[in-house]
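Since the structure comes first, as structure tokens, the remarks are kept for the end.
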Amino acid sequence: MGDGVRGLVEQVERTRAELSEALSDPDAASDRSRYADLTRRYAGLEEAAGLAARWRDADQQAAEAREMLAEGEDEDIRALLKEAEDAIGELEPLIRHAMVEPDPNDSRDVIVEVRAGAGGEEAALFARDLLDVYSRYAAARGFRVELLDVSEADAGGVKEATFAVKGTGAFSVFKHEGGVHRVQRVPATESQGRIHTSTATVAVMPEAEEVDVKIDQHDLKIDVYRSSGPGGQSVNTTDSAVRITHVPTGIVVSMQDEKSQLQNRERAMRVLRARLLEKARAEQEAEMRDTRRAHVGSGDRSEKIRTYNYPQNRVTDHRIGVTVPLKEQVLQGQLSALTDALQAEERRLLLEQQEAELAGGAA
């Protein structure tokens, strides 16, 4: 009984011991980024370690009871064995769930970029709708939203918007939003009642600390210019807008929302750090993709992940096949039915991969 869970228990004990040893290494504390990562991983296994210890106690109790019963039947010992086996049965699914080592970035704040895609004015209006939905959802989850930059479109939509969501676990909640979001609806300007299809792209990045990403100032090309509003008109008379180009990667970040050049530069650097961290994560993911299949969509901006169908009042997430009401839930900022299902699917796939690796190691 519980051979698969025994392997998971052994794995969490081994991983916990390895992390403890690594944290006690005097050299670890000198590397702030590595030490922070080790600390996050160690804390993330705390629940699994506690459950594993309880499973060990129950397993030992059951083994001792069986030994005693082999020497002769006893009602009290039989009851003790049943109690131990019941405890093991209750602990197994809890261990399987807790044993999945979380993404080390899950606890971070997050930076989200929403851009109007195909569809002209409708796409910009849809991008605005997504911005509103995410802001409402973040507030409902107790997170704080910080709007970093918005490029307005002429008809009230947005060409693109960048915002931060701050709070423990923000990345774990928003990370599956990356990709192409498609809307099907009749535009207000459509006299024939025809349904139009438009898109918006979303990029989701864990916010990086300065210790996470080392940026050589010599690799940066910084331009300043006057901010502009819808239609390109100037909205101030000073060169407060900032454009930073990271020359080695070609990544360009522009900020113009603040009147202070310094504030725009600081915001641009935050987004640049997040993009560089995300680039490193994507490269690592690509290297592992042949062996690691445990991901719910790639988060790539070209991947269509969700359709918002206004005539049928529904939103469908194509990765998990879940459909929820549009007007009563999603537009009110109630995304939990989707995000919870995506998180559950991620954990299921990670556990499936983990158990396959355990089985492969035992073979």
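The values are calculated or read from the model by the stated rules, or taken from the named source; none is laboratory data. These numbers were taken from a predicted model, which means no experiment stands behind them. Here the Cβ positions follow ideal geometry from the backbone for every residue, glycine too, while neighbour counts run over all protein chains shown.
For region 242-300, which residues satisfy the criterion of being in contact with a strand residue (DSSP E or B) (Cβ under 7 Å, 6 or more places away or on another chain), over 22 Å from residue 178 (Cβ atoms), modelled with pLDDT under 90 and surrounded by fewer than 20 Cβ atoms within 10 Å (Cβ to Cβ)?
Within region 242-300, 257, 261 meet the criteria.
Looking at region 75-87, is at least one residue over 30 Å from residue 212 (Cα atoms) and touching an Asp or Glu at 6+ places or on another chain (Cβ under 8 Å)?
Among the residues of region 75-87, at least one is over 30 Å from residue 212 (Cα atoms) and touching an Asp or Glu at 6+ places or on another chain (Cβ under 8 Å), which makes the answer yes.
Can you tell me which residues in region 316-336 are over 20 Å from the mean Cα position of the chain (by Cα) and assigned to a strand (DSSP E or B)?
323, 324, 325
Got at least one residue in region 178-187 being under 25 Å from residue 304 (Cα atoms) and within 15 Å of the chain's Cα centre (by Cα)?
So far as region 178-187 goes, yes, one or more of its residues are under 25 Å from residue 304 (Cα atoms) and within 15 Å of the chain's Cα centre (by Cα).
Mind checking which pairs have a first residue in region 94-123 that is assigned to a loop (DSSP other than H, G, I, E, B) and a second that is polar (S, T, N, Q), Cβ under 6 Å, 6 or more apart or different chains?
106/172; 107/168; 117/199; 117/201; 118/199; 119/198
Going by the conditions given, is residue 66 among the charged types (D, E, K, R) and in contact (Cβ under 8 Å) with a residue 24 or more places away in the chain?
In short, no.
Checking the condition assigned to a helix (DSSP H, G or I) and either surrounded by fewer than 16 Cβ atoms within 10 Å (Cβ to Cβ) or β-branched (Val, Ile, Thr) (or both), which residue from 13, 73, 85, 90 passes?
90
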